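What follows is a single structure, written as structure tokens, with notes after it.
The values are calculated or read from the model by the stated rules, or taken from the named source; none is laboratory data. If you're wondering where the values come from, they're calculated on a predicted model, not measured in any experiment. Every residue, glycine among them, receives a Cβ derived from its backbone with ideal geometry; neighbour counts consider all protein chains shown. Each accessible area value is taken on the protein alone, full model and side chains, heavy atoms only, with ligands, DNA and RNA left out. Shrake-Rupley method; radii C 1.70, N 1.55, O 1.52, S 1.80 Å.
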Amino acid sequence: MATIEFLLNGTPIQCNVPPDTSILTLLRDHLGITGTKEGCASGDCGACTVAINNQSDSQSRFLSVNACITPAHQLHGQHVITVEGLATDGNLHPAQRAMIECHGSQCGFCTPGIVMSLFTLHANQQHPPSPLTPEMLEATLGGNLCRCTGYRPIRDAALSMQDYAWEAPPWFDASQPAREPIQGSKPTANDGAFFVQPTTLAELTDARRRYPDARLVAGATDLWLENTQRLTALNQLIDVTRVAELGQIEQATFQTQPGWWVGAGVTYTQLKPLLDMHFPTFSHLLHRLGSQQVRNRGTLGGNIANASPIGDTPPVLLALNAWVELTRHDDTRQLLLSDFFIDYKKTALAADEVISRIFIPQLADLATLRVWKLSKRREDDITAVLGAFCYRINNGILQDVRIAFGGMAATPKRASRTETALEGQPVSKASFQAAQRALAEEFQPMSDVRGSQYYRQQAALNLLERLYLSLSSPNQEVMLHAYAH
């Protein structure tokens, strides 16, 4: 089993632990670093938040991550910062001082995670200097739950961090000399377990061919729940996060369409600048895709390969008519995303293939994309129903209509009959009533804890009604606030 070598608060660490060890378990059980807490063990509460030094991006020097669902072996060659590392010679970090002065902590269990999220906010504001906006604050704290304070004093602490002077400790600059390494604990048995970390696509496909039963792991934001919630052993893992080709975004033309090839390993955080510029509605949806900790880790390819019927990005990609590229050791093929999803959690991906890239076509002239997500909570919640609508209007006539839903079938799926009912029709009540009749017969959604079959059917119809109202009254807001609009 490979040894992990990384920096912890500036101190070199060497550990040899099982493949399915999380950063949280490594810190608490193997290294005795107990400031990081376990709250939910599913990446929802943020009590386990730590920071990773992100040397590749000067705009986000530190990334917050959920230690409970991040594989420890992915720390190899990285620098992780925990709450224990913030104070220097008894001098607290501004996030810690502000939390004290603003009475931002009561029981204190969630406080280390909140402090670490505020630390990343403070650090990234300094390099380069930037003002704190409400959107930045909301994104930073959206993944940290506190059951005591009501959040106002935590918000006050965030706003007052700049009032406190701080001298960066030696570990803040990765170029500073490191201290002598500390040895962590070692497992007592191997049992054929391994954690493979290829760095090229060729190495990845070769590992996939040699180890067909191994699990691929990227952000682990869903996969790791099998370990923490179902207690499933994940003893054979192929990590894709170091594969250079999977982290690239390239502008290109494919099938005569201009657009972008996005590597399957690109995280939501890395994808956001592209979406901000060319797909603002898609970008806005990301605010509701998990928390900032999840967006820093989760990948576009992982969300597709997971094939969940309630994944957030597949319906939008379907409405954009996206493609996926599937690669094996000796072959590459491209497939429309609509042909990739076969059945519940079943895809066209062969046992020795990996998703290497996703092609996102550029919106055609005069085309519009709208995305609406329904969930019980606004932030950090899973979709009940998500509707994505892409269309053009030419002289009042709907053209190139593509509609996709999540939460309405066993897979993310295009609403083909509804599209046909609207294609070439005027924006009128009669046209949309016909489309609603088609939609009512198109899906038979399941009932679960997030919504009954009736709720989902009615919600989808209401989203279509909302589209009609938005088009027929373009200068009037249909709802008081549509967060993912």
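Structure notes:
- Using alpha carbons only: equivalent-ellipsoid semi-axes of the chain, gyration tensor based, whole Å: 40, 28, 20
- Partner aspartates and glutamates for Lys429 [C-alpha distance under 15 Å; skip if fewer than 8 residues away on the same chain]: Glu465
- The stretch between Glu203 and Leu132, if pulled fully straight at 0.36 nm per residue, gains 21.3 nm over its current Cα-Cα span.
- Highest-first packing order for the peptide set 312-318, 33-39 is 312-318, 33-39, based on the mean count of other beta carbon atoms within 10 Å.
- Straight-distance candidates among the lysines for linking to Lys346, with alpha-carbon spacing under 17 Å and chain neighbours fewer than 8 residues away dropped: Lys413.
- Accessible surface, the chain, averaged per residue in Å² (probe 1.4 Å): 44
- Carbon-plus-sulfur accessible fraction, the chain (probe radius 1.4 Å, protein heavy atoms only): 49%.
- Ranked by how many other beta carbons lie within 10 Å on average, peptides 20-32, 62-74, 252-264 from highest: 62-74, 20-32, 252-264
- Only helices reaching 20 angstrom along their own axis (Cα) with mean Kyte-Doolittle hydropathy no lower than -0.5 count here, and for the DSSP H runs of the chain these are 111-126, 453-472.
- From phi via Karplus (6.51, -1.76, 1.60), per-residue ³J(HN,Hα) for the range 256-262 in Hz, x at Gly/Pro: 6, 9, x, x, 9, 8, 10
- HN-Hα J in Hz across the range 222-232 - Karplus 6.51, -1.76, 1.60, θ = phi - 60°, x for Gly and Pro: 10, 4, 5, 5, 4, 7, 7, 9, 9, 6, 7
- Cα gyration tensor shape for the range 220-302, rounded if a/c is under 1.5, else prolate or oblate: oblate
- Between Gln236 and Asn394, the contour length at 0.36 nm per residue exceeds the Cα-Cα span by 51.5 nm.
- Point-charge dipole on Cβ atoms (K/R +1, D/E -1) for the chain, about Cα centre, debye to 20: 1080
- Listed by chain and number, the lysines whose C-alpha is less than 21 Å from the C-alpha of Lys272, apart from same-chain residues fewer than 8 away, are Lys373.
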